[in-house]
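Asks: What follows is a single structure, and I will ask about it in a moment.
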Amino acid sequence: RSRDHRKALLALGTLILELWVGQPLELQRSWRANFGPDGRETEFTKFNAAAAWQESIAADGGPILHNITQRCIYGNFGLTSLSLEDTELIKAVYENVVVGLQRLCETFS
C-alpha cells in the first residue's frame, strides 16, 4: 500500500507562502483563529490556517503563486493518489509546482 503524502504537500505549499511573505504561518492571523475551543492547536489547525492564509493573499502573489499553493495545500492535482511514490503524482507536482515556480521566477528576471 502506498503512503499518503498529503501532509508533505501541505508543508510544501505552506513553505512557498512563507518564503513569499517572509513570515511563518504561525505569525499569521489565521493561525490562532484555527485553534480549538481550548485555545490549543488541533489536528486541523495547520491545514485550515494555511488554506485561509493562502486565500487571503491570493491577489498579492498573482495567479501563478495562487495556483501553485492552492494545489499543494489542498492536494489538488486531479489524482486520487496523493503518494509521492506514484509517478503520476510526481509528474503532476513537477508540472504544476516546479514549472510554475520557474515561470514565477522568470517574471523577476
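Asks: Over the chain, what is the relative contact order in percent, taking alpha-carbon pairs closer than 8 angstrom and at least six residues apart?
Replies: Normalised by residue count, the contact order of the chain is 32 percent.
Asks: Evaluate 2.2 N^0.38 Å with N set to the residue count of the range 1-62, then give the Cα radius of gyration divided by it. Please report the intermediate quantities before stating the final value.
Replies: Values: Rg = 12.5 Å, N = 62, 2.2 N^0.38 = 10.6 Å.
So the range 1-62 has a normalised radius of gyration of 1.18.
Asks: On to the next question. So, R0 is 22 Å and r is the distance between the beta-carbons of LYS7 and ARG32; what FRET efficiency does that work out to, to 0.05?
Replies: 0.60
Asks: May I ask for the longest run of the chain untouched by GluC sites (Glu not before Pro) that are loop-located per DSSP and have at most 13 neighbouring C-beta atoms (other than their own) within 10 Å? Could the numbers behind the result be given before it?
Replies: Details: sites that count: GLU43, GLU85.
So the longest stretch without any such site is 1-42.
Asks: Over the range 42-109, average the accessible area per residue using a 1.4 Å probe and give it in Å², no decimals.
Replies: Ligands and nucleic acids excluded, the figure is 58 Å² per residue.
Asks: Using 7 Å Cα-to-Cβ label points, what is the ARG103/THR87 separation (nm, one decimal)?
Replies: Roughly 2.5 nm, to one decimal.
The values are calculated or read from the model by the stated rules, or taken from the named source; none is laboratory data. This is a predicted model, so every value here is computed, not measured. Quick reminder, even Gly has a Cβ in these numbers, built from the backbone with ideal geometry, and neighbours come from all protein chains shown. Only protein heavy atoms, including side chains, enter the accessible area calculation; ligands, DNA and RNA are left aside. Shrake-Rupley method; radii C 1.70, N 1.55, O 1.52, S 1.80 Å.
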